[in-house]
Amino acid sequence: MADDEKLPGGWEKRMSRSSGKVYYFNHITNASQWERPVGDGRGEPEKVRCSHLLVKHSESRRPSSWREQNITRTKDEALELIQKYIEDIKSGEETFESLASQFSDCSSAKNGGDLGLFGKGQMQKPFEEASFALKVGDMSGPVFTDSGVHIILRTG
């Protein structure tokens, strides 16, 4: 594939400050990878299936959950928790499903974070954009919505 070919939507080419190597960053999902992303040529699906782990904070539109009656953590504290969960999943120390079941502030926790199938217009815009931009099996970086901070795993 020619290096000057257009990247799939949301992706941009960046240079690593530490290694000097090129990597690719998706500004919609906050995912990064060394390999050049490729479009599948099939276009976007009508529906996707995702699981997520939500950490609410005091500025969330409804700062309470099945886990906590009154959520007082800050947005920065929520982001720190999300980043720790991402590290734990990437290192293999924990599974996405296990962390979502234990720590997600969404009622989907009882299903390991599984939200089932959903189409465009059913989720908050940043969540939808990240979900549709991920490939099956990929996990997002932190995604911010009015509900809180999410990690999204595209499962179908």
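Of note:
- Principal semi-axes of the equivalent ellipsoid, √(5λ) from the alpha carbon gyration tensor of the stretch 28-156, are 24, 16, 14 Å from largest down.
- Under 23 Å from residue 13, Cα to Cα: lysines that are on another chain or at least 8 residues apart: 21, 90, 135
- Across the accessible surface of the stretch 15-156, with the other protein chains kept in place and a 1.4 Å probe, carbon and sulfur atoms take up 47 percent.
- Evaluated with a Cβ-only charge set (Lys, Arg +1; Asp, Glu -1), the stretch 111-150 carries a dipole of roughly 80 debye about its Cα centre, given to the nearest 20.
- Each peptide in 21-31, 144-154 receives the mean, over its residues, of other Cβ atoms within 10 Å, and ordering these scores from highest gives 144-154, 21-31.
- Heavy-atom surface of the chain, accessible at 1.4 Å and reported per residue (Å²): 58 Å²
The values are calculated or read from the model by the stated rules, or taken from the named source; none is laboratory data. Not measured: the values here are computed from a predicted model. Counting neighbours? That spans all protein chains shown, and the Cβs are built from the backbone with ideal geometry, glycine included. When the accessible area is computed, the model is the full protein with side chains, heavy atoms only, and any ligands, DNA or RNA have been set aside. Shrake-Rupley method; radii C 1.70, N 1.55, O 1.52, S 1.80 Å.
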